[in-house]
Amino acid sequence: MGDAYVHELRVRYGECDPQGIVFNANYLLYFDVAFTELWREAVGPWQEMVDRGVDAVVAESNLRYRAPARFDEQLQLRLRILALGQSSITTEILVMRGEELLVEGQLRHVCVGTDTWAKTDIPEWVRAGLEGFVAA
């Protein structure tokens, strides 16, 4: 089983709605930040892939809200790659406050060529970097 990647962040005031809880859409921003940091750890800077003619775009996102997060709380986003397909990457993301699960979600990215934006295979050097975070 691959290791989970953990990214920590603190909820900022501007991310909260009038009820004082994190506005639901901001979790997708959190997901994007955490996925980018996992990528940097596993593969390197995102721009390096783009410079080599490949990008990855979000094709699907799913979120299930369990409990609210509030201003100034410290959160941990735990990421594991559930599937490395031919051209797609499915990532599980759990938003935790300590051991309490607040949000569970998944992102599916699809690799595309930067010249045509057509679906393309995940480059082997990307696959090799991500394999350490693939769940069994």
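For segment 29-69, which positions are among the β-branched types (Val, Ile, Thr), over 15 Å from the mean Cα position of the chain (by Cα) and surrounded by fewer than 13 Cβ atoms within 10 Å (Cβ to Cβ)? Passing the criteria: only VAL50.
Of all the listed residues (ARG108, ARG64, ARG80, ARG127), the sole one being charged (D, E, K, R), closer than 23 Å to GLY14 by Cα and in contact (Cβ under 8 Å) with a residue 12 or more places away in the chain is ARG64.
Residues of segment 53-65 include none that is out of contact with any Ser or Thr (no Cβ under 6 Å at 6 or more places or on another chain) and in a helix (DSSP H, G or I). When THR116 is tested against (1) in contact (Cβ under 8 Å) with a residue 24 or more places away in the chain; (2) assigned to a loop (DSSP other than H, G, I, E, B), just one condition goes unmet, and that condition is (1). Of all residues in segment 88-105, those satisfying the criterion of being surrounded by 16 or more Cβ atoms within 10 Å (Cβ to Cβ) and touching a residue at least 24 places away in the same chain (Cβ under 8 Å) are SER88, ILE89, THR91, GLU92, ILE93, VAL95, ARG97, LEU102, VAL103, GLU104, GLY105.
With respect to (1) within 11 Å of the chain's Cα centre (by Cα); (2) surrounded by 17 or more Cβ atoms within 10 Å (Cβ to Cβ), the lone exception for VAL110 is condition (1). The condition (being farther than 19 Å from HIS7 by Cα, at pLDDT 95 or above and charged (D, E, K, R)) is satisfied by just one residue among ARG52, ARG70: ARG52.
Give the residue that is nearest to the chain's Cα centre (by Cα), with candidates limited to residues of segment 11-28 that are of a type outside the set (D, E, K, R) and loosely packed, with under 13 Cβ neighbours inside 10 Å. Within segment 11-28, the match that is nearest to the chain's Cα centre (by Cα) is ALA25.
The values are calculated or read from the model by the stated rules, or taken from the named source; none is laboratory data. Worth saying up front: this structure is predicted, and the values here are computed from it rather than measured. Heads up, the Cβs are rebuilt from the backbone with ideal geometry, glycines too, and the neighbour counts pull from every protein chain shown.
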